[in-house]
Structure formats: C-alpha cells, structure tokens
Amino acid sequence: METPLLHIEIEATNYCNTRCLHCPREALTRPLGKMDWDTYQTIMDKVMEYTPNFCVVFSGFGEPLLNPYIYDFVKYVSQKGRTSIITNAAALTPTNVQRLSEAGLAQLTVSFNGTEKTLYELMMGGLEFERAQKHLESAVALTNGTQTVISANVSVTEQTKDHLLTIKNDLERAGIEQIYFSKCHNRGGTLQGDNICTTPIPLLEGHHCQIFTDIMFVTWTGQVLPCYHDMTGMNVIGDLRVEPIEAILCRKKEIAAASKVFSICHGCNDLYQFAHTQTPDGRPLSDWVFDLYTDRETRISEEVVALSKWLFAMYMQEGSSDRFFEALTRHIECQNQEIEALNTKIQTLQLKDKALMAVRENRIGRSAAGVRKICSSLFSKKGSE
C-alpha cells in the first residue's frame, strides 16, 4: 500500500516585492522575515524521516525568490520529494532560472495576471510588464528539455474575467502548457468589497476544507498554521522546530474530525476548499472557472453536490444561468448519444457472437462427422481382417 502524500507548503519569506490588487497585504500582522537554513533543515529532516512520499511548495504570503537560501532549500530535498515554487516572476532572471533548474526544481508556477501592459501592471502592483514577459519567455526556453516544468496561474478577478481567453492564448503561444485559473477569493475574509472579488460564500452543511486537510502550511518561523490565509498568526497548531511532525499531524486530524472552524474560516470563499471534490463532469476546477467567463461549451451533469451548488451560484451571479441549463441539456443529449452508440456496439457484438457460435457448431459438426467416418473405416477394415 502506497504511503499517503504529505503536502508541505513552506513560506520561505513573507516579504514581497509587489502589492498585487487582489492581495490584502495590509492585513498581514505576523512578523516579517525569512526562513533561515537551520529552521528549514530541521523541518525537512523531520519530513523526510516521517515519509518518503512528500512534496514541497514554496509559496505562502511572500515572494520565495527573495530568500537567498531558496536554491539550497530546493536542492536539499529535490532528490527525495517533488519541489515547486510559485513566483511573481519579478526576480526570475535567466541566472535564477538556471540555478533553480540545476537544484532539481520540478515545477515553476508564475502568477501572470494579464498579457497587456495596463491590465498586468494594475493586477501585479506595478511590476513592469515587459520585464515579466521577458523573464517568462526566457524561463520557458531555459527549462526546455529539463525536469523543470513552467506553468502559469491566472487569478480571475473583476478586472481579468473578460480577458481570460486572450491571456490563455498568449500564454500558450509563449510555450506554457499548464495554465490554472483560480477564482479570486477574500483571503480568509481580509479582502473586503466586491470591486475585485465577487465569489459567493459557499453553501456548506458543516465545515469542509480540503486546504486544511491536504496541506501543512509552515510559516518562515517554523510554526504550523491552518493555512496561509492566517495573516495574524493567532491560530498556531504547532511548531516544527521543537515538536515531532507526528504530533502536529495528529492534532490536525483531530481538528478536522471535530469540524473545528477557525476565525479565518468564517466567510472564507476560497474555491479550493473543494480542491479534490468531484466536479459535476469530472473536470478540474480551473476549467470550470475558465468556462464561466468564456464562450467555450461547458459540460455539466445532473450530479448535485456542495461544489456543484457553489459553481451554479457563481453562474447565477454572473447572469449566466441560461448557459448553465443549455449546457446541461447538451450534456444529457451527449450522454444519450453515447448510450445509443454503446447499445449499437453491444448489438453488433451479439450478432458477431451468434455468427461465431454458428461457425463453431458447424466446425464441430463437420469434425464429428469426420471422426465417425474415420472410425467407421477403421472398424470395417478390422472386421475384414
């Protein structure tokens, strides 16, 4: 039996070199700093001793490339677990890309919210569009043929939602094959107002959060928080510098089993609370978000779960309920066509089976007749002797 994956999110630093429109950094009251080598080594030694099946994402509430140890962080574990970094690309120079790839980085995800100057610089807090674009293109070229995969994440806000198809096409032309569309959320209730994010609050029966159950978020100090939305650090679950990882994981399981709700959970509308829940037609959440704001056909089934209701609420909010039901009709028709095709295939196979049985019976009959003839000949010869 395979050991369950342990997903660790490391906050290499909570310093950042930008002020993204959809990021309420003013609400961050935890101390600012960068993870030092001793803290990181202590944490990862515990992880590697606990399980051989783990992945590490360097993200959190800051720009990972601002920590000068980041290349050593990646190299220390890349031969034993999967490593990933989420970056705004401002510091993604060719030299830094080369160093990350040589350290064994598996995935480099670039937050890229716009493929024209005005929108990009509005969303990314004034980062220079031309510089970021150049960095992205060079990163794709430098990692071609290596183990490092370049992907892009697009935050879907009121500002970007009408540009998703253009953004997707431009990123694909730049050589990005993996593109994720993340519905903007209120960061644990700290992003206020609806001029940026209008995602409805989920319709939940009881507390449900796969972010908490799937990911262990570790701050730059080594403390474990419910998730990186905890900007005050008031909900400490444990400290990996001084505690066994088993004790903290056990504590998280007890919290999840008790359906405990932290203060940051009230009103949180992060869609990835349902990160691994089955969508109505089985596609990734990112595809649903993309289809909501584009003209592509949306495939929807009649399965009704909490996630489906939440997705439908977003379609309703955007005035797209007609598209939802039209797509549902198309999906049912498609399913009926598939059923008819399967029935036809079954009938064809049944006819073939009958034909084969007839051939088999015919051959057996002829073989039996031949055996009788041979036996008759032998016995007649024996009798004549």
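The values are calculated or read from the model by the stated rules, or taken from the named source; none is laboratory data. Note that this is a predicted model, so its numbers are computed, not measured. Positions of Cβ are backbone-derived with ideal geometry, glycine not excepted, and every protein chain shown enters the neighbour counts. Quick note on the areas: whole protein, heavy atoms, side chains included, nothing else; ligands and nucleic acids left out. Shrake-Rupley method; radii C 1.70, N 1.55, O 1.52, S 1.80 Å.
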Quiz item: In deg cm²/dmol and to the nearest 500, what is the mean residue ellipticity at 222 nm of the chain if only DSSP H runs of at least 4 residues count, each as -39500 (n - 2.57), divided by the residue total?
Solution: -14000 deg cm²/dmol
Practice problem: Could you work out which residue, out of 153, 96, 113, moves most in a Gaussian network model of the chain, that is, has the largest mean-square fluctuation with Cα springs under 10 Å? | Solution: 96
Quiz item: For the chain, what is the accessible area per residue in Å² when the probe is 1.4 Å?
Solution: 52 Å²
Quiz item: On full extension of the chain, what length is gained from residue 137 through residue 153, given 0.36 nm per residue of separation minus the C-alpha to C-alpha distance?
Solution: 4.2 nm
Quiz prompt | Label-point separation in nm, residue 259 to residue 118, each point 7 Å along Cα→Cβ | solution = 4.8 nm
Quiz item: Using +1 on the beta carbon of Lys and Arg, -1 on that of Asp and Glu, and nothing else charged, what's the dipole of the stretch 1-88 about the Cα centre, debye to 20?
Solution: 200 debye
Quiz item: Which residue, 34, 252, 260, has the most motion in a Gaussian network model of the chain that connects Cα atoms within less than 10 Å?
Solution: 260
Self-check item: Antiparallel DSSP beta bridges within the chain, as percent of all bridges there, nearest 5
Solution: 15 percent
Quiz item: Of all accessible surface on the chain at a 1.4 Å probe, what whole percent is carbon and sulfur?
Solution: 54 percent
Practice problem: Give the residue from 285, 259, 95 lying farthest towards the positive end of the charge dipole for the chain; charges sit on Cβ (+1 for Lys and Arg, -1 for Asp and Glu) and the dipole is referred to the Cα centre. | Solution: 285
Quiz item: Of all GluC sites (Glu not before Pro) in the stretch 195-277, which ones are in loop regions per DSSP and have a Cβ with at most 11 other Cβ atoms within 10 Å?
Solution: 205
Quiz item: Just how large is the dipole of the stretch 72-200 about the Cα centre, in debye to the nearest 20, putting +1 at every Lys and Arg Cβ and -1 at every Asp and Glu Cβ?
Solution: 440 debye
Self-check item: Dipole-positive endmost among 129, 166, 223 within the stretch 70-225 (Cβ charges, Cα centre)
Solution: 223
Exercise. Would you pull out the residues with amide H under 5 Å of residue 13's amide H, same chain only if 5 or more places away, H placed 1.01 Å from N?
Key: 35
Quiz item: So, in nm, how far is label residue 349 from label residue 329 when the simple model puts each one 7 Å beyond its Cα toward the Cβ?
Solution: 3.4 nm
Quiz item: Taking the chain as a Gaussian network, Cα atoms linked when under 10 Å apart, which of 32, 171, 311 shows the biggest mean-square fluctuation?
Solution: 32
Quiz item: Using a simple charge model, +1 on the beta-carbon of Lys and Arg, -1 on the beta-carbon of Asp and Glu, nothing else, what dipole does the chain show about its Cα centre, in debye to the nearest 20?
Solution: 1980 debye
